[in-house]
Structure formats: structure tokens, C-alpha cells
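The values are calculated or read from the model by the stated rules, or taken from the named source; none is laboratory data. The structure presented is a predicted model; accordingly, all values stated were derived computationally and were not measured. Neighbour counts run over all protein chains shown; Cβ positions are idealised from the backbone, glycine included.
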Amino acid sequence: MLRARARRRSPRLPRSGSRPPARCGSHTAAPPDHWAAARNGRAVGSWSRQNSRAAGYHRGVSDDSVGVYVHVPFCERVCPYCDFAVVAARRLSPDQEQGYVDALLSELERRAESYAGRRLASLYLGGGTPSLLRPASVARIIRRVHETFDAAGSVEVTLEANPGSLERQRLPGFRAAGVNRISMGVQSFSDITLKRLGRAHRAAEARLALAAAREAGFDQLSLDLILAAPGQALEAFERDLEEAVAFGPEHVSLYELSIEPGTPFALADARGQLRRPNETGVLAMLEQAEHRLAAAGYARYELSNFARPGFEAVHNRRYWERRPVLGLGVGAVSSDPPSARAPFGVRRQNTRDLARYLDCTGRAESAEDRDAEIFDAATARGEAVFLALRTARGLDSARFSDEFGSPPRGFWEASIDELVGRGLLEEAPGGDLCLTDRGRLLSDSVFQYFV
């Protein structure tokens, strides 16, 4: 699962011809932030096609590693735009915290067999707000995961944190527990914007938290920003960018606010009570973000993620490359490795209900809330394309052909011709595909051609 308190969307692209648009799948790979270095062939920040064959395209079959995602659902306050599996909890009692950690470790023990023999490449504690856990609980989780899987060299261990005073005080303890990367949910440096977003912290706390993370010894710091917040003007967003750059994080995740069904923001939007930037304003913010971050040395290696060279998120990249991820906790999603029964892999999702999750894990039973999704070839092909196109590397045609028996043109020739003709997709002589600059702005609608 990715680090994403708000998901990036792009304007819809009118289709030519009479063919009805494809229906987009509900899976977002996105997030929540995490994905190895994407090295640009041109200036930093450009979106040029890159040679991905040396690094590999689809690792799901041959990859012998595993990433572990741990979902901690507790939040001091549930944001009005959030549709994640979260539970409001200002402070966790010791019994409540221990009970949830016990459940996580019980699930890990039960599920580890499906990933037996794999080497640990990344561990990501997301939420919710995992920094509401005490450092001793985080250390316990990290230790047990390392005991379950041998390490594949250096392991990226990320913890999401909010800028509140409690989490700030715990940062040294998290570093001592084994966390080596912090993803800080700043969202904005404007108190007005933070209030409109329903965030619990204020800008001064964000500044203190970023400084405290450095003082605690974190040399891998990721910072989240939201654009297109209610009432947010381009000038206000530009100030957010300037302040973010001034702090010098190694990684920046940038999410456009999306209105999710069933959230308070969805109700307010339906009533006409949310004053959001129009599409022209959103595009101006996206273009300004890429320009300013590129000038500061950040490459846009994925649609919503920017990093200094060598600091691309290891864990999130597993999702884009369709590598195995073991998800633990309420609402967590797993991408089980391919097998003889499921040659394209399996996706599993846990219940979003905390009480049911605790009950199931307490009885050493599955906490899944639906039947596992065994990918067929058509679903796997579609996901392979749109996930790869999210990245600066794009889609490697030869490796796609190795997995599916034909290059992309063998399945979508007419669509590729149309998208190339409309300047949304770039096709290399060997058939590799990547989004153009315009295609990035219209990415969701481009993806509909393939899923």
C-alpha cells in the first residue's frame, strides 16, 4: 500500500471514435509511497524514456525478495478526505497497542509460509499514523520481521509520521528501533490550508518535526505535499514548494486532493461547499511543481514522486514493478508471488474492521474480507502496462513479451497508434512505451486504454 493521503488524478481525455472507454480498475499502486533508482538520460526532472532492461522489468517471477507493509490504523484525527482503513484514537492505551502488535505478529507468523525463502528488501509502516506506536512496539515489529526473513543487503525501513509533538518526541526512539527512513505527512506549510484540509497539526509543528528528524539522525527524509486543496491558489502552493525545497528532504511525494465517496469532503462537494481549483489551476500547480523540484535537483521518477539521485523509494517501487509484498494489518493488501496455480500472482486484502481483524488473528485465522483475486493474463497485462507507464522508465516491450507471449502491440495496436498520434505516448523503435509530457497530465485517461 502506498503512502497517499490524497491520490493524484488527471483530467479525463476525450476519446476519438465510437469505442466506449475502458473501465479503470480500482487498484491504485501507488500508494502510500516506494520504487530502485530511476536515472534520467537528460536533465534532472525530465521524463525521458530510459533503458530499463538492465535493471529488469517484471521481477514477479524471478524476484526472490519480499517487501513487508504493516498497516497501523490509528489516527489522532480522521481527515475529512481520507477513505483509508483508519480508527480515531488520540492516545493508545498500553493494552490496546500491545493487542494490535500481537495481532500483527500473529498474522506474520501465519502468512510467512507463502513467502518462505524470500529475502527482505523493504519494510514500510504506514497508516493511519504508525508514529502513534511507542518506539518499543516499532522495535518489536522490526525485530520479528527480520527474524522471519533474511535481509537482502541493506533494508529500507520506512515509518510514516505526522508532525505532532508526541510523534516528534519519539523520533530518536524510532531511529534506535531500526527505522532508517521517515515519511512526514506535512501536506502544507500554510495554516489556512491545513485547517481547510482538517489536519490536526499546524505549520510550525511541521517545521519543528522536520528539524527533529534530522537531529534524530535520519538521512532519508520524505515529505508529503497536497495540491488542489480547497481554496488553494497557485501562489500559496508555490510557497509550499519553496519551503519544502528549503528543508532539503531526499524525497518529495506530491498528491492532488481527490474526493472519495463516503467521506465528509464528498458530502461537502456534493453540496457545493468546497471551493477547489479548476483544472487549469491544477495543471499550473503540477507544472510548477515539476519545474521547481527539477531546479532543486529532484527527478520525477514516478507520477507522484520526486527524489534526489539514489533516494527513490525502494518499497513503493515494488508495487509499480509488481514484485511480491506481504501486507499485514487492518485493510492491508498483499501481492503474493506467482505460483503454478496462479502464474500471474494473487492479490489479497484484509478486513477494514478492526474488531474483526483482532478476532480473526486471535484465532490464527485469515483476516481477509473477500476471496483472493487470482490474476488472469488479461488483468495482469493491463496492470503491467499502466503501472510501468506511471514511471519514468516506462514499459519494456521485450520483457513484457517474455511474460505475456507478445509485445504490447500484439494486444493494443490500435490504442497505441491512437495515443502516439495524439502525442500522449512515446514509442521507441523496439516497442518500449512511456508517457509524453502531455500524457503525464492526462495519465488516468491514457491508462483506460489498457485496463
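Structural remarks
- In the stretch 155-167, the residues that are buried (at least 24 other Cβ atoms within 10 Å of the Cβ) and either over 25 Å from Ser258 (Cα atoms) or in contact with a Ser or Thr (Cβ under 9 Å, 6 or more places away or on another chain) (or both): Val157, Thr158, Leu159, Glu160, Ala161, Asn162, Glu167
- Residues in the stretch 411-439 that are part of a helix (DSSP H, G or I), of a type in the set (A, V, I, L, M) and either touching a Cys at 6+ places or on another chain (Cβ under 7 Å) or within 23 Å of Leu283 (Cα to Cα) (or both): Leu419, Val420.
- So Ser62, is it assigned by TED's automatic domain parsing to the domain that holds Asp359, at pLDDT below 95, in a helix (DSSP H, G or I) and surrounded by fewer than 17 Cβ atoms within 10 Å (Cβ to Cβ): no
- Test for Gly331: is it among the small types (Gly, Ala, Ser), within 24 Å of Pro130 (Cα to Cα) and either assigned by TED's automatic domain parsing to the domain that holds Leu225 or in a strand (DSSP E or B) (or both): yes
- Note on the stretch 291-324: among residues that are at pLDDT 95 or above and acidic (Asp, Glu), the one that is surrounded by the most Cβ atoms within 10 Å (Cβ to Cβ) is Glu302.
- Residue within the stretch 106-117 that is closer than 27 Å to Ala367 by Cα, assigned by TED's automatic domain parsing to the domain that holds Ala244, touching a Gly at 6+ places or on another chain (Cβ under 8 Å) and not aliphatic (A, V, I, L, M) present: yes
- Extreme residue, nearest to Asp376 (Cα to Cα), among residues of the stretch 306-328 that are assigned to a strand (DSSP E or B) and of a type in the set (Gly, Ala, Ser): Gly327
- Test: Ser165 is out of contact with any Gly (no Cβ under 9 Å at 6 or more places or on another chain), under 29 Å from Ala294 (Cα atoms), assigned by TED's automatic domain parsing to the domain that holds Ala284 and of a type in the set (Ser, Thr, Tyr): no
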